[in-house]
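Each remark here refers to the structure printed beneath this line.
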Amino acid sequence: MEQQILKILKEIGNGDNFETSEDFLSEGLIDSFGVIALVGALEEQFEIEIDGGDILPENFKNMEAIVNLITKTKEEGM
Amino acid sequence: MKEAKTKDLDRLIAFLKENVDHCIYIYIDVIQYGLDHKYMKVWFAENDSEITSVAMKYYDSFQLFSKNVQTDREEIIKLLEENSVKTISGDINIIQSIETKFNDDYDVNYGIVVKETKYKKLHGFEKVEIATKDDCPEIAHLMCQDSEFGENYDEDSLIKQLDDRMTSGMGRNFVIRENGEIVGHVATFAETDDLAVQSGLMVSEKCSNVFCGLILHEYMKGISLEAGKTVYAFRIKEEMKKYEKSPGTIICGQYGKMTRRGE
């Protein structure tokens, strides 16, 4: 899953330091509009629908947070 | 190109509506003002009684759209030469076709037109307020903090523009405050019964919420879509890949804008 997310991040984000970054947002690797694009790409890739209420900074902060969000969304969709 | 008269209005609107993705501003202004505005003039070209091109002069700018660039190009150039303006904008096809004729005096930039069809209901919508005229000075101050934007506008003229647009009901302004101070702003630049054009997204460096801009953007989309309006926005070309991935965002056209050098 991480490799798939990384591929999307590199496509959409500003730069490619996603492997080492602790905070994509504060380091400017993803901006506001990038988050919406990321949501769209994740939804398509993992066949999920991310709830608007889950689009919070803490869920897009780093790789671990995004993995957790996808896992949680998948579980809720079952 | 011949100047449009009131008798041409209905078929002009029909033509613009049919091609609205490529001539949004002309459509909105013609709907809003008709053909009797003091500082607005509209010309069109036709072939076998079918409209093929439209040019609108509004204050110091031209908006162009042509379905028949090859045939109408020379007439459009003649019109532009007779009416020198600060900016010339329009669908990419017509701008690309005329830019070489004007490149001694104008710089040109290209971008994309996006149409939004979905929105996400986010935490933070409850913090968005509709701005009033009393907020205009604070909004203008916020907007002018942006270095690029601030270079082209001064606060006083921006306050007047915001105030004028609120008076005429052309668009709506939405803000988010923190500790009583406006830290984020987005506007619909113009609206009709069936569409809205987004502009003016600005967030202060003081804002504590990294998603403030996103909240304002989604809120503006949501309120417009729920009212049955198509939401358009103009974006720089470099951001195209982001919009291609955004759910519900359709890249529906490309535009060009020529700006007279030294302006």
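The values are calculated or read from the model by the stated rules, or taken from the named source; none is laboratory data. Note that the structure is predicted; figures quoted are calculated from it, not measured. Virtual Cβ from ideal backbone geometry, glycine too; neighbours counted across all protein chains shown. Heavy atoms of the whole protein, side chains included, go into the accessibility calculation; ligands, DNA and RNA do not. Shrake-Rupley method; radii C 1.70, N 1.55, O 1.52, S 1.80 Å.
Put simply, of B:PHE189, B:PHE174, B:PHE149 the only residue that is at negative phi and touching a His at 6+ places or on another chain (Cβ under 8 Å) is B:PHE174. Filtering the stretch B:109-152 to residues that are away from chain A (no Cβ under 14 Å), open to solvent by 70 Å² or more (accessible area, probe 1.4 Å), over 19 Å from B:VAL183 (Cα atoms) and of a type outside the set (Asp, Glu) leaves B:ASN109, B:ASN152. Here is the figure for the stretch B:166-185: residues that are open to solvent by less than 10 Å² (accessible area, probe 1.4 Å) and free of Cβ contacts under 8 Å to residues at least 12 places away in the same chain total 0.
Here A:LYS72 fits the description: assigned to a helix (DSSP H, G or I), among the basic types (Lys, Arg) and surrounded by 13 or more Cβ atoms within 10 Å (Cβ to Cβ). Give the stretch A:3-36 a look and list any residue that's within 10 Å of the chain's Cα centre (by Cα) and either open to solvent by 30 Å² or more (accessible area, probe 1.4 Å) or among the aromatic types (Phe, Trp, Tyr) (or both), or say none. Matches in the stretch A:3-36: A:PHE24 only.
If you filter the stretch A:21-39 down to residues that are within 13 Å of A:ASN62 (Cα to Cα) and part of a helix (DSSP H, G or I), you find that the one that is farthest from the other protein chains (Cβ to nearest Cβ) is A:LEU38. Where helices (runs of 4 or more DSSP H) fall wholly inside the stretch B:1-120, the ranges with 3 or more residues that are more than 13 Å from B:GLY256 (Cβ to Cβ) and free of Cβ contacts under 8 Å to residues at least 12 places away in the same chain are B:9-18, B:69-82.
Each row is one residue, and each column tells you yes or no for (1) in contact with a Lys or Arg (Cβ under 6 Å, 6 or more places away or on another chain); (2) closer than 18 Å to B:ASN173 by Cβ; (3) not acidic (Asp, Glu).
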residue: B:HIS123; (1), (2), (3): no, no, yes
residue: B:GLU129; (1), (2), (3): no, yes, no
residue: B:THR132; (1), (2), (3): no, yes, yes
residue: B:GLN145; (1), (2), (3): no, yes, yes
residue: B:TYR153; (1), (2), (3): no, yes, yes
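Every condition in (1) closer than 21 Å to B:HIS123 by Cα; (2) crowded, with 17+ Cβ neighbours inside 10 Å is met by A:MET63 except one, and the failing one is (1). Close contacts from the stretch B:200-223, counting a first residue that is at the interface with another protein chain (Cβ under 8 Å from one of its Cβ atoms) and more than 14 Å from B:ASN179 (Cα to Cα) and a second that is open to solvent by 10 Å² or more (accessible area, probe 1.4 Å) and of a type in the set (D, E, K, R), with Cβ to Cβ under 6 Å and a gap of 6+ residues or different chains, come to B:GLU218/B:LYS120. Restricting attention to the stretch B:208-235, the residues being buried (at least 22 other Cβ atoms within 10 Å of the Cβ), basic (Lys, Arg) and farther than 17 Å from B:LYS121 by Cβ number 0. Scanning the stretch A:40-58 for residues that are buried (at least 19 other Cβ atoms within 10 Å of the Cβ) and part of a helix (DSSP H, G or I) gives A:GLY40, A:ALA41, A:LEU42.
When A:GLU43, A:GLU47, A:GLU75, A:GLU64 are checked against the criterion of being within 12 Å of another protein chain (Cβ to nearest Cβ), over 9 Å from the mean Cα position of the chain (by Cα) and without any contact (Cβ under 8 Å) to a residue 40 or more places away in the chain, A:GLU43 stands alone in meeting it.
For the stretch B:245-263, which residues satisfy the criterion of being at pLDDT below 80 and more than 8 Å from chain A (Cβ to nearest Cβ)? Once the filter is applied, which keeps residues that are at pLDDT below 80 and more than 8 Å from chain A (Cβ to nearest Cβ), the stretch B:245-263 yields B:GLY262, B:GLU263.
With respect to B:GLU218, determine if the residue is of a type in the set (Asp, Glu) and modelled with pLDDT under 90. No: the conditions fail for B:GLU218.
When B:GLU191 is tested against (1) under 20 Å from B:THR132 (Cβ atoms); (2) touching a strand residue (DSSP E or B) at 6+ places or on another chain (Cβ under 6 Å), exactly one condition is not met: (2).
Can you name every residue in the stretch B:99-108 that is open to solvent by 70 Å² or more (accessible area, probe 1.4 Å) and either over 20 Å from the mean Cα position of the chain (by Cα) or of a type outside the set (D, E, K, R) (or both)? If the condition is that a residue be open to solvent by 70 Å² or more (accessible area, probe 1.4 Å) and either over 20 Å from the mean Cα position of the chain (by Cα) or of a type outside the set (D, E, K, R) (or both), then B:THR100, B:LYS101, B:ASN103, B:ASP104, B:ASP105 are the ones that fit.
Within the option set B:ASP156, B:ASP163, being surrounded by 14 or more Cβ atoms within 10 Å (Cβ to Cβ) and among the acidic types (Asp, Glu) holds for one residue only, B:ASP163.
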